[in-house]
Structure formats: C-alpha cells, structure tokens
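Accompanying notes for the structure given below.
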Amino acid sequence: MATPGIELRWGYGFDDRPRKREIFRPYIREGLELAIEGLDEMGFSIEDRKYLIVDQVTPDIKHKAEASGKTCHIFLTKGEIQRKRIDVVWLASAIFHELVHLVHNDYVETEGLLYHAAGEGIAYTAEYYFVNELLARSGRLGPQKRVVERVKSMPKSETNKLEAEFWKASAKPYTYDNFTEWFNKPTNLRICKGEVVGVSAVARQLRNGAEIAELIHLPPHEVLDVA
C-alpha cells in the first residue's frame, strides 16, 4: 500500500490467508487513505514510519482498535469476516483515532494517567472533527455520534467532580488498578471517566484559541491545564 509513513501488516487470522487478505485489502486501503487525508488536513505530521496491523478478534480481545508505541491494531470481528465487509465509517475513524495516538507518542512520555487522559482527549476530539466535518463535507461518509457528543451532554457539575477526583488519583503512584478505574470502566454513557476528563480539557483548550494539532506537542499536564 503506497501510503507515506504507514506500513500495513497482517496479523492473527490473516498472516497465512492470502485470499482473506485480498478480500479486505480494499477496505483497509480506503480507510487508511481517508485517515491520512484527515491527519494532513488537521495538521498532524507523521515524522517516521508507523505500522497498521489488521487482526481477527479473539476471545481475549474485547476492543476493536488499540495503539502502542509506533503500532496500531485494527481487530475485525467474526461477523465482519463472514460478511466479507467492513463499515468504512467506523474503519476510517478508528484508524484515524489510533494514528493520532501514534503521533502523540512521538512527543510525550507514554505512561501515567495524565498521558492517557490527554491522549484520549486529543484523539477523540480530533476524531469528532474528522468524521463530522471533514468526511461529511466530502460527501463520502455521513456524520456519526462519538464520545465528544456524549461528554457535551453531561452536566458541568458532573464533569467538574470527575476532574477533581482525577487530579487526586493522578497524584498517586501509577498502577494498573488506577488505570483500569479511569480508562477501562465505562460509565452509563459508555465512556470512561478518564476520557471525560481528557475531552473536557481539550474542549477548554480549543475555546481558548488552541489548535488541536498544537496540543500534540504539549506535555500532558499542560493539555489538561493542571497547575
């Protein structure tokens, strides 16, 4: 795939299935190219090689996309594989979201609650504009609801309370348990508490005149406006 800076690889369920790869390659190509267009238009720069790995969901995998270091994974479900079709709206937005994380990883230390909150805030906010403005404007894909809209629907008193609790938690030693509490336990709005904190903080930054791509370069505590 001739996409600058991104190397496509096939993982579990695809590595030894050339026919299966060819069925899904056009979907992956379209989703990745749309994501790259979005990154370029929004000012995110891919400085060095990154990797997109396509896997099949396993019983141990509960999510459909993840990013770490310089690699992002997209996990296709059994249903998608049986139908031989992927929702390109979801695919393009998922790839875009995870690539924003990879760009963010180039500039910050990738550990701690502050890192995760800032990263999710930037990625979800950028994804919101990518889907609801850039793709919708092109006429290729329609808008869809995302985490940003759910956070906007929350009472201010609730987000303020979560932020106060988050600052206390972030001052403690970083452990898997506190990561899980803030980023692996969805609320009744199907979003995690740490995501709410990050999206709310990024919204404040944008209201104050910041550009979303500028926030990638800031230390997490500055993105979150921690004194």
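Using alpha carbons only, the radius of gyration of segment 1-128 set against its Kirkwood radius gives Rg/Rh = 0.96.
For every helix of n ≥ 4 consecutive DSSP H residues, a contribution of -39,500 (n - 2.57) applies; sum these over the chain, divide by its total residues, and give [θ] at 222 nm rounded to the nearest 500 deg cm²/dmol. The partial results should precede the final answer.
Values: 10 runs with 118 residues, N = 227.
Calculated from helices alone, the mean residue ellipticity at 222 nm is -16000 deg cm²/dmol.
Excluding ligands, DNA and RNA, the accessible surface per residue across the chain is 51 Å² with a 1.4 Å probe.
Measure nothing but the geometry: give the 0 to 90° angle between the long axis through the Cα atoms of 156-170 and the longest principal axis through the Cα atoms of the chain, rounded to 10°. For 156-170 against the chain, the angle is about 90 degrees.
Relative to the Cα centre, the charge distribution of the chain, modelled as +1 at Lys and Arg Cβ and -1 at Asp and Glu Cβ, gives a dipole magnitude of about 1040 debye. Round to a whole number: what % of the accessible area of the chain belongs to carbon and sulfur, probe 1.4 Å? With neighbouring chains kept in place, the figure for the chain is 48 percent.
All C-alpha to C-alpha distances of segment 105-227, sorted into 10 Å bins beginning at zero, yield P(r) values of 13, 45, 34, 8, 1 percent in whole numbers.
What dipole magnitude, in Debye to the nearest 20, does segment 127-227 give about its Cα centre under +1 on Lys/Arg Cβ and -1 on Asp/Glu Cβ?
420 debye
Evaluate the Debye formula for segment 1-58 with equal point scatterers sitting on the alpha carbons, no solvent, and hand back log10 of I(q)/I(0) at q = 0.15 Å⁻¹, in q order, two decimals. Log10 I(q)/I(0), no solvent term: -0.48.
Segment 171-227 and segment 54-102 have their alpha-carbon centroids 22 Å apart. Sorted into 5 angstrom bins from 0, the C-alpha pair distances of the chain split as 1, 6, 14, 18, 19, 17, 12, 7, 3, 1, 0 percent.
For the chain, the residue among Ala213, Val108, Thr187 whose Cα projects farthest onto the positive side of the dipole built from Cβ charges is Thr187.
Which entries of Lys168/Lys193; Lys152/Lys193; Lys64/Lys161; Lys20/Lys78 have Cα-Cα distances beyond 20 Å here? Don't skip to the answer; put the middle values down first.
Working: Lys168/Lys193 13 Å; Lys152/Lys193 14 Å; Lys64/Lys161 30 Å; Lys20/Lys78 13 Å.
Result: Lys64/Lys161 exceed 20 Å.
The values are calculated or read from the model by the stated rules, or taken from the named source; none is laboratory data. Since the structure is predicted, the reported quantities are computational estimates derived from the model, not experimental observations. Backbone-built Cβ (ideal geometry, glycine too); neighbour counts: all protein chains shown. Surface areas here come from the heavy atoms of the whole protein model, side chains and all, with no ligands, DNA or RNA. Shrake-Rupley method; radii C 1.70, N 1.55, O 1.52, S 1.80 Å.
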